[in-house]
Amino acid sequence: MSLAEVFQQHPDRRYIEFGGKGGLGKTTFSAATAYWLAKQGHKVLVFSVDPQASLSDIFQRDIFGKGAVEIMPGLFAQEIDADRHIRQYQEQIRQKIRDMYGMDKIPDEIEGYIQAAAAEPAMEESAIFDAVVDIVVGAKFDYYIYDLVPLGHALYYLSMASIYDEWIGKVTALRQEMQEYSQVAALLERNKKSEEDEILAELQYIKGRINTSSGILTDREKTAFFFVVTPEEMIILDTQKAATLFAKYQVPISGYIVNRVIPKELARQDIPEYLRRRIEMQAGSLKRIDQTFGADVLTQVPEFERDITGLEMIGRVADSLFGGGA
Ligand SMILES: Nc1ncnc2c1ncn2[C@@H]1O[C@H](COP(=O)(O)OP(=O)(O)OP(=O)(O)O)[C@@H](O)[C@H]1O
Ligand SMILES: [Mg+2]
């Protein structure tokens, strides 16, 4: 099956992800897929959750923190500004403290605490996570393409979703139990009970959001996850390991795409020994890829003569990914 056929045969798979080790071509393929889908008449959002996002680089436009920016008809790109989300969190916390205690100014001690909490790496993850949920729940696009971070991080992100979910499940259950116990007391203390209800409602709201986003990531019907590999021994080994781990988190893998294959036509010409050896080495690795991933390998993309930036180059990659003319 080709990559185009995977899309044609599974029109319900609206959440597209390219995973793989650092620098193999995830962002390039995310952009090229968005380009191809937009050309087919779909409304597509390609977005990045990476603080070192490079969608601005590939589209040659500064889109950081600007929401969904239209790059060409039907193609929108977005880079999430995690810091801004953290600042919004902080402001919400300050507002709650002001309201609760009727304060005009946050005491220095508490302000220091709010600042320190923002420096926690978990805070950034959680801000990004929240922004992703907002995007996905928004349901404004036909296709959502996650420009993922390298493997380790994506796994962390997935595992965090399930841990977070489990934690909230426990707290929610506890709250429900307490609610039952406190029913008698509540007859006497009406106000307290409605406060409890509010907290429970908020927890269930958060749980619902998390289930939506992590559910989408692992939903075979709605999600297509592709691995990017290159013809190198170490990359093949790492990808195999990662695929096993992904299976553990129930991420359904839709196929593998081989990037940076030196064009075979070159081998027939009079080429330097150096290049001939590189081609031979790649041929060996391509054989390994075929033995390892077999029919799950959807397509090969050649090594281009330059970096992939700008719509013209993105279009060339899309032609190679989906078989030109589209
Ligand atoms: N087939 C190709 N031919 C030439 N250059 C390529 C090709 N594929 C990717 N590149 C270039 O390789 C570099 C890395 O690609 P890209 O940014 O897509 O990788 P990535 O997997 O998203 O990296 P990261 O893990 O850092 O996010 C970029 O400069 C890109 O233009
Ligand atoms: Mg990238």
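The values are calculated or read from the model by the stated rules, or taken from the named source; none is laboratory data. This is a predicted model, so every value here is computed, not measured. A quick note on method: Cβ atoms are made from the backbone with ideal geometry, for glycine too, and the neighbour counts reach across all protein chains shown. Ligands, DNA and RNA are excluded from the accessible area calculation, which covers all protein heavy atoms including side chains. Shrake-Rupley method; radii C 1.70, N 1.55, O 1.52, S 1.80 Å.
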Show the residue pairs that are 6+ apart or on different chains and have beta-carbon atoms under 6 Å apart, the first residue being within segment 75-95 and farther than 15 Å from Ser126 by Cα, the second being crowded, with 18+ Cβ neighbours inside 10 Å and not hydrophobic (A, V, I, L, M, F, W, C).
Glu79/Ser48
Within segment 40-49, identify whether any single residue is part of a strand (DSSP E or B), in contact with an Asp or Glu (Cβ under 9 Å, 6 or more places away or on another chain), touching a residue at least 60 places away in the same chain (Cβ under 8 Å) and among the small types (Gly, Ala, Ser), and answer yes or no.
yes
Which one is most open to solvent (accessible area, probe 1.4 Å), of the residues in segment 9-30 that are more than 8 Å from ligand 1 (Cβ to nearest atom) and either hydrophobic (A, V, I, L, M, F, W, C) or free of Cβ contacts under 8 Å to residues at least 40 places away in the same chain (or both)?
Gln9
Restricting to segment 53-76, and then to whatever is at pLDDT 95 or above and part of a strand (DSSP E or B), can you tell me which residue is surrounded by the most Cβ atoms within 10 Å (Cβ to Cβ)?
Leu75
Find the residue count for segment 243-265, including only residues that are open to solvent by less than 80 Å² (accessible area, probe 1.4 Å) and farther than 18 Å from Glu232 by Cβ.
9
Inside segment 105-137, can you point out the residues that are modelled with pLDDT of 75 or more, within 21 Å of the chain's Cα centre (by Cα) and open to solvent by less than 40 Å² (accessible area, probe 1.4 Å)?
Ala131, Val132, Val133, Ile135, Val136
Does segment 83-90 contain at least one residue that is under 24 Å from Tyr205 (Cα atoms), within 16 Å of ligand 2 (Cβ to nearest atom) and at pLDDT below 85?
no
Within segment 269-304, tally of residues that are outside any helix (DSSP H, G or I) and either touching a strand residue (DSSP E or B) at 6+ places or on another chain (Cβ under 8 Å) or modelled with pLDDT under 95 (or both):
11
Whether any residue in segment 161-168 is modelled with pLDDT of 70 or more, in the same structural domain as Thr223 (by TED's automatic domain parsing), open to solvent by less than 20 Å² (accessible area, probe 1.4 Å) and not acidic (Asp, Glu) is what I want to check.
no
Subset of segment 290-326 (residues that are away from ligand 1 (no atom under 14 Å from the Cβ), farther than 16 Å from Ala4 by Cβ and open to solvent by less than 60 Å² (accessible area, probe 1.4 Å)):
Thr292, Phe293, Gly294
Looking at segment 258-276, is at least one residue assigned by TED's automatic domain parsing to the domain that holds Lys241, of a type outside the set (Ser, Thr, Tyr) and within 16 Å of ligand 2 (Cβ to nearest atom)?
yes
Tell me whether segment 237-258 contains one or more residues that are modelled with pLDDT of 95 or more and over 24 Å from the mean Cα position of the chain (by Cα).
no
Selection count, segment 249-289, where residues are within 25 Å of Met1 (Cα to Cα), without any contact (Cβ under 8 Å) to a residue 60 or more places away in the chain and not hydroxyl-bearing (Ser, Thr, Tyr):
15
